[in-house]
Amino acid sequence: MRDKSGSQFNQPLGGNAMPRFGGDATMMRLPAQKSAQGLDACFVGIPMDIGTSNRAGTRHGPRAIRAESCMLRPFNMATGAAPFARMQVADIGDVAINTFDLKKTIDIITAAYRGILSHDAVPLTLGGDHTLTYPVLRAIAEKHGPVALIHVDAHADTNDEMFGEKIAHGTPFRRAVEDGLLINDKVFQIGLRGTGYAPDDFDWGRQKGFTVIPAEACWHKSLAPLMDEIRGKIGDAPVYLTYDIDSLDPAYAPGTGTVEIGGLTTIQALEIVRGCAGLNIVGADLVEVSPPYDPSGNTALIGANLLYEMLCVLPKAQKT
């Protein structure tokens with residue numbers, strides 16, 4: 001498909017041109033590139049689980065998400081979005097992390113995302129454990145300044161330490177606040193739930209200005225009105241969307257490391273992501289898919305669909 005200037009936009013490989021179980025194992029079977037040069041948005045994997053605290057396996061998340069994405073088609077029938085008619089998109093592969101050193105890995109990730117952002121491409125990240133969001137936000141803030149944050153998760157991830165370490169998948173948003181990467185009164189945490197160590201476990205973020213929406217406040221209702229409120233509060237600020245697959249109830253997404261009952265539904269997940277349309281999204285990620293704990297592949301399939309929905313709500317994907 002050609003834009004007004006006559007240039008060719010990349011298209012996902014269709015199921016009638018090549019069986020869905022064949023072709024290149026890229027996200028949506030898009031063309032692969034070595035860098036983000038010339039792209040409006042890119043899919044990039046961070047295959048890591050060295051920041052996890054319970055079940056491992058998220059290092060296999062990006063590959064599984066890509067495999068399950070072969071079922072995705074280019075047009076969003078519900079929203080009318082046609083991202084491949086308006087943007088140049090490709091899969092730029094994985095960040096070459098140091099799988100033996102978490103501290104070195106976060107610096108590797110930040111450097112990789114500086115490179116992506118230097119091309120003005122919006123990165124959509126396939127995780128990987130949630131530690132990765134902190135180094136990505138460091139690069140995002142260098143380019144855009146502090147950002148609003150929509151954080152969908154069963155856990156607040158605002159621990160000060162885990163086993164004496166400052167960097168882990170339970171600490172990224174405390175580190176982000178300390179580094180001045182976030183607009184604190186434009187941070188929204190959706191879906192928090194489960195047991196805790198103290199009654200105030202979710203209050204650290206509230207004390208810093210976060211809006212916390214626990215899972216119980218989401219039960220049995222549409223989240224479209226919530227997203228209307230969030231869009232109004234964020235306005236035109238740059239915003240980063242981070243989606244932990246464990247925000248979903250394990251009935252939908254058992255393939256993750258720290259499962260909690262009473263979670264969101266896949267319908268609510270779609271409402272949240274689609275409700276980001278109109279925001280100035282400068283990056284997004286989908287984290288904590290652990291394929292070994294879901295042999296059906298359904299958790300990775302949900303992750304692939306949500307990443308596609310993120311692509312559909314990017315500013316350049318919207319109808320003008």
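The single condition among (1) under 20 Å from C276 (Cβ atoms); (2) in contact (Cβ under 8 Å) with a residue 12 or more places away in the chain; (3) open to solvent by 10 Å² or more (accessible area, probe 1.4 Å) that K34 does not satisfy is (1). Number of residues in the stretch 296-320 that are closer than 18 Å to D246 by Cα and more than 11 Å from the chain's Cα centre (by Cα) equals 8.
Suppose the filter is open to solvent by 30 Å² or more (accessible area, probe 1.4 Å), under 27 Å from N298 (Cβ atoms) and among the β-branched types (V, I, T); does T26 pass it? Spelling it out, it is not the case that T26 is open to solvent by 30 Å² or more (accessible area, probe 1.4 Å), under 27 Å from N298 (Cβ atoms) and among the β-branched types (V, I, T).
Going residue by residue through the stretch 271-283, is there one that turns out to be open to solvent by 30 Å² or more (accessible area, probe 1.4 Å), among the small types (G, A, S) and without any contact (Cβ under 8 Å) to a residue 24 or more places away in the chain? So far as the stretch 271-283 goes, no, none of its residues is open to solvent by 30 Å² or more (accessible area, probe 1.4 Å), among the small types (G, A, S) and without any contact (Cβ under 8 Å) to a residue 24 or more places away in the chain.
Yes or no, residue by residue, for (1) in contact with a Cys (Cβ under 6 Å, 6 or more places away or on another chain); (2) open to solvent by 10 Å² or more (accessible area, probe 1.4 Å); (3) more than 24 Å from P238 (Cα to Cα); (4) of a type outside the set (F, W, Y):
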{"site": "G93", "(1), (2), (3), (4)": "no, yes, yes, yes"}
{"site": "F100", "(1), (2), (3), (4)": "no, yes, yes, no"}
{"site": "A111", "(1), (2), (3), (4)": "no, yes, no, yes"}
{"site": "G128", "(1), (2), (3), (4)": "no, no, no, yes"}
{"site": "G164", "(1), (2), (3), (4)": "no, yes, yes, yes"}
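Out of the stretch 12-23, which residues are in contact (Cβ under 8 Å) with a residue 40 or more places away in the chain and crowded, with 16+ Cβ neighbours inside 10 Å? Selection gives P12, G15. For the stretch 169-183, state whether one or more residues are part of a helix (DSSP H, G or I), of a type outside the set (D, E), open to solvent by 40 Å² or more (accessible area, probe 1.4 Å) and at pLDDT 95 or above. Scanning the stretch 169-183 turns up at least one residue that is part of a helix (DSSP H, G or I), of a type outside the set (D, E), open to solvent by 40 Å² or more (accessible area, probe 1.4 Å) and at pLDDT 95 or above.
For the stretch 52-60, the condition holds for at least one residue, the condition being that it is in a helix (DSSP H, G or I), open to solvent by 20 Å² or more (accessible area, probe 1.4 Å) and either over 23 Å from H119 (Cβ atoms) or hydroxyl-bearing (S, T, Y) (or both).
From the list I65, I97, the lone residue that is out of contact with any Pro (no Cβ under 8 Å at 6 or more places or on another chain) and closer than 27 Å to D294 by Cα is I65. Within the bounds of the stretch 299-311, is there any residue that is open to solvent by less than 10 Å² (accessible area, probe 1.4 Å) and more than 22 Å from R59 (Cα to Cα)? Scanning the stretch 299-311 turns up at least one residue that is open to solvent by less than 10 Å² (accessible area, probe 1.4 Å) and more than 22 Å from R59 (Cα to Cα).
Among all residues of the stretch 228-238, there is at least one that is closer than 18 Å to V187 by Cα and β-branched (V, I, T). When only residues in the stretch 234-254 that are assigned to a strand (DSSP E or B) and closer than 18 Å to A141 by Cα count, which is nearest to the chain's Cα centre (by Cα)? Per the stated criteria, the residue is T242. Taken over the stretch 1-49, the criterion of being at pLDDT below 95 and either among the hydroxyl-bearing types (S, T, Y) or closer than 19 Å to T105 by Cα (or both) is satisfied by S5, S7. If the condition is being surrounded by fewer than 23 Cβ atoms within 10 Å (Cβ to Cβ) and aliphatic (A, V, I, L, M), then the stretch 184-220 contributes A198, V212, I213, A215, A217. A count restricted to the stretch 135-152 and to residues that are under 18 Å from A168 (Cα atoms), touching a Ser or Thr at 6+ places or on another chain (Cβ under 8 Å) and in contact (Cβ under 8 Å) with a residue 40 or more places away in the chain stands at 4.
The values are calculated or read from the model by the stated rules, or taken from the named source; none is laboratory data. Source: prediction; values computed, not measured. Glycine also receives a Cβ, built like all others from the backbone with ideal geometry; neighbour counts cover every protein chain displayed. Protein only, heavy atoms only, side chains kept; ligands, DNA and RNA dropped before computing areas. Shrake-Rupley method; radii C 1.70, N 1.55, O 1.52, S 1.80 Å.
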